[in-house]
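Take a look at the structure below.
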Amino acid sequence: MIIVLLGPPASGKGTQAALLRDRYGFYHFDTGKVLRQEAATGSELGQQIASYINRGELVPIEIIRALIGKFIREMGEGRIMFDGFPRNLDQARVLGEGLADVERRLDHALYLNLDRSELMSRIINRRVCDKCGTIYNLVSAPPKSDMLCDRDSGNLVQRADDTEEVFARRLEVYFEQTVPVLDYYRERRLLREIPAEQPISELAASIGALLGLEEHAPA
Ligand code: AMP
């Protein structure tokens, strides 16, 4: 099964992706994380990527095409989840073509729908473990111990692009460029919409039910 996870920034895609991975055995391709890792290397490509991320703009399609193309050619047969991709119509076409080349196709486009007013407060309170990437919310899902990760005691940090100013631009980009992707998948009868204000664990269970998934037996 191949799915994409869609929704505005801070709708809970990253958190749900981690749960879907653990409960249902999805391989999680996190586009933003892969891009941030390349940016952190300081390579020429990395510096170019960072200049887009730091402004809240989308990284150009040529870079995304190369990244996704490589992943698709190397991916296994199991459950695959694209998170943070596709972000515009060009990317949706790149995905369709890339999958067709390896005789696979998309099964579901899962849309986490959350009211705009909720998003900013989620971003301001979001913290991420600098070791394992686990996501916390200081109000609704705080760590057990102050500013340390429950899993590995890594430091909880704020992402550089989680400022009010950059987030406002990321939201604009979402409404201009990513919302048309919802219509693209709706027309192809692939869009599965789900209200995302439910508590984290219930939302993951609703997604499992919506997609008809069996829980993945722990190894
Ligand atoms: P995210 O972690 O999904 O919130 O993404 C953080 C940033 O990475 C975005 O604001 C973009 O600058 C960049 N990014 C992530 N995914 C994509 C994508 N599919 N296409 C272009 N840029 C992306």
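Coordinate-derived values only; no laboratory data. Remember, it's a predicted structure, so these values are computed and weren't measured experimentally. Because the Cβ atoms are built from the backbone with ideal geometry, glycine has one as well, and the counts that use them run over all protein chains shown.
Can you give the longest run of the chain that contains no GluC sites (Glu not before Pro) sitting in a DSSP loop with at most 16 other Cβ atoms inside 10 Å? Of all site-free stretches, the longest is 104-196. Need one number: % antiparallel among DSSP beta bridges in the chain, to the nearest 5. Antiparallel: roughly 30 percent of the beta bridges in the chain.
Run through region 92-193 and list the trypsin sites (Lys or Arg not before Pro) located in a DSSP loop whose Cβ has at most 15 other Cβ atoms within 10 Å. Present the calculation step by step, with values, prior to reporting the outcome.
On the way: sites: Arg93, Arg104, Arg105, Arg116, Arg122, Arg126, Arg127, Lys131, Lys144, Arg151, Arg159, Arg169, Arg170, Arg186, Arg188, Arg189, Arg192; in loops: Arg104, Arg105, Lys131, Lys144, Arg151, Arg159, Arg188, Arg189.
Taking region 92-193 and a limit of 15 other Cβ atoms within 10 Å, the loop trypsin sites (Lys or Arg not before Pro) found are Arg104, Arg105, Lys131, Lys144, Arg151, Arg188, Arg189.
Only beta bridges with both residues in region 98-219 are counted; by DSSP, about 60 percent of them are antiparallel.
If you keep only loop residues by DSSP, which trypsin sites (Lys or Arg not before Pro) in region 18-77 have at most 16 other Cβ atoms within 10 Å of their Cβ?
Numbers: sites: Arg21, Arg23, Lys33, Arg36, Arg55, Arg65, Lys70, Arg73; in loops: Arg55.
Taking region 18-77 and a limit of 16 other Cβ atoms within 10 Å, the loop trypsin sites (Lys or Arg not before Pro) found are Arg55.
Taking Lys70 as the anchor, which lysines have their alpha carbon closer than 24 Å to its alpha carbon, excluding any fewer than eight residues away along the same chain? Of all the lysines, those that pass the test against Lys70 - Cα under 24 Å, at least 8 places apart if same chain - are Lys13, Lys33.
Only DSSP H runs of four or more residues enter the estimate; each adds -39500 (n - 2.57), and after division by the residues of the chain the mean residue ellipticity at 222 nm equals -13500 deg cm²/dmol. Considering only Cys129, Met75, Gln47, and ranking their Cα positions along the charge dipole of region 47-162 that arises from unit charges at the beta-carbon of Lys, Arg, Asp and Glu, the one farthest toward the positive end is Cys129. Relative contact order, whole percent, for the chain stands at 31, derived from Cα pairs under 8 Å and 6 or more residues apart. Each part reduced to its alpha carbon centroid, region 31-62 and region 144-219 end up 20 Å apart.
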